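Everything on this sheet refers to the single structure shown next.
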Amino acid sequence: MSCYFPMRLFFSIAILTLFASISLPVSAVSSMQNSLSSSTVVNIGKIDLVVVTKSTSTMALMRDGKVLRRYHIALGDMPLGHKLQEGDQRTPEGRYTLDYKKSDSAYYRAIHISYPNEEDQLRASALGIQPGGQIMIHGQNPRSSLSAEEAQQYNWTDGCIAITNPQMDELWRAIDEGTPIEILP
């Protein structure tokens, strides 16, 4: 009898856990995905779109219209509005391409965003300003005294998009050069 009750309790908990996990709200799943650490790396395969939403400080990795992973991001010191000129501390908004990977970045690893596009260049030219460039998705600052989790609570880049190093490793594997990125306000 003593063995029967613990086994019954075990199976009851297992069944409840199974049903609870099936009906988890998206926010709970996102929370679990956000907590991805290097010790729990799961290969999500290739993605076909990255969507950054500046107002919520999130990046979604997508395939076939489905979000596979969501990260909390850090932006530049002036996150509101579209990047207009070099040095304005803003992240551009619009549709771009992740056009090359840089393994020797000062911020762990980096993936270049194809800013400025033709529209950005025309706008800057009409305003008589330089549009800037070298906008990247990158990892953490190795010279920071803050942990990655602490640093991600602040907008600390010069207009780039920062994620943690384990997230950067996952993104690095998941994209091919030419993957589109949409950056929303």
List every residue pair whose Cβ atoms sit under 7 Å apart, with the two residues 6 or more apart in sequence or on different chains, where the first one lies in segment 124-141 and is under 13 Å from E86 (Cβ atoms) and the second, anywhere, is among the acidic types (D, E) and not in a loop (DSSP other than H, G, I, E, B).
-> P131/D120
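For every residue, the table says whether it meets (1) open to solvent by 30 Å² or more (accessible area, probe 1.4 Å); (2) outside any loop (DSSP other than H, G, I, E, B); (3) charged (D, E, K, R); (4) modelled with pLDDT under 95.
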{"residue": "Q33", "(1), (2), (3), (4)": "yes, yes, no, yes"}
{"residue": "S55", "(1), (2), (3), (4)": "yes, yes, no, no"}
{"residue": "L84", "(1), (2), (3), (4)": "yes, no, no, yes"}
{"residue": "G87", "(1), (2), (3), (4)": "yes, no, no, yes"}
Spot the failing condition for I183; the list is (1) closer than 20 Å to D104 by Cβ; (2) touching a Lys or Arg at 6+ places or on another chain (Cβ under 9 Å); (3) crowded, with 22+ Cβ neighbours inside 10 Å, and only one is missed.
-> (1)
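So which strands (runs of 3 or more DSSP E) stay within segment 90-166 end to end and still have 1 or more residues that are within 17 Å of L75 (Cα to Cα) and over 13 Å from the mean Cα position of the chain (by Cα)? Even if it seems obvious, please write down each step before you answer.
Numbers: elements: 94-102, 110-113, 136-138.
Counting at least 1 such residues, we get 94-102, 110-113.
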The listed residue being of a type in the set (F, W, Y), under 24 Å from A174 (Cα atoms) and open to solvent by 60 Å² or more (accessible area, probe 1.4 Å), out of Y100, Y71 = Y100
Check whether at least one residue in segment 141-154 is under 14 Å from T97 (Cα atoms) and either buried (at least 21 other Cβ atoms within 10 Å of the Cβ) or not aliphatic (A, V, I, L, M) (or both), and report yes or no.
-> no
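The values are calculated or read from the model by the stated rules, or taken from the named source; none is laboratory data. Note that the structure is predicted; figures quoted are calculated from it, not measured. Heads up, the Cβs are rebuilt from the backbone with ideal geometry, glycines too, and the neighbour counts pull from every protein chain shown. Calculation scope for accessible area: heavy atoms of the full protein, side chains included, ligands and nucleic acids excluded. Shrake-Rupley method; radii C 1.70, N 1.55, O 1.52, S 1.80 Å.
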